[in-house]
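Participant: Structure in structure tokens, see below.
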Amino acid sequence: MSLSQVIRTLFEIGLVVLVIWAVFHEDMFIAVEERILSTVRRKRLKVIK
């Protein structure tokens, strides 16, 4: 296996773990999404000091 294959495999395993975690902790995942989206909106609208 080359280094690029190892990195890709680790990335794919990480994504699978994240999806499984999100299924069981959906409320926490939604809260993080809302926080990120509200931060982006505030920066876009220049409400942040």
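Participant: Taking the square root of 5 times each eigenvalue of the Cα gyration tensor, what semi-axes in Å does the equivalent ellipsoid of the chain have, largest first?
Facilitator: Semi-axis lengths for the chain are 32, 18, 5 Å.
Participant: Nearest 500 deg cm²/dmol is fine: what mean residue ellipticity at 222 nm does the chain get from its DSSP H runs of n ≥ 4 alone, each adding -39,500 (n - 2.57), divided by its residue count?
Facilitator: Working: 2 runs with 42 residues, N = 49.
About -29500 deg cm²/dmol.
Participant: Now, a different point. Put +1 on the Cβ of each Lys and Arg and -1 on the Cβ of each Asp and Glu in the chain; which of Leu10, His25, Leu45 then has its Cα farthest toward the positive end of the dipole?
Facilitator: Value: Leu45.
Participant: Residue separation times 0.36 nm, minus the C-alpha to C-alpha distance between Glu26 and Ser4: what's the value?
Facilitator: On the way: separation 22, 0.36 × 22 = 7.92 nm, distance 3.18 nm.
In short, 4.7 nm is gained.
Participant: Give me the net charge of Met28's neighbourhood, meaning all other residues with Cβ under 13 Å from the Cβ of Met28; Lys, Arg count +1, Asp, Glu -1. Can you show the working numbers first?
Facilitator: Values: positive: Arg35; negative: Glu26, Asp27, Glu33, Glu34.
That works out to -3.
No lab work stands behind these numbers, since they all come straight from the coordinates. Just so it is clear, the structure is predicted and the values come from calculations on it, not from any experiment. Reconstructed Cβ throughout: ideal geometry from the backbone, glycine too, with neighbour counts over all protein chains shown.
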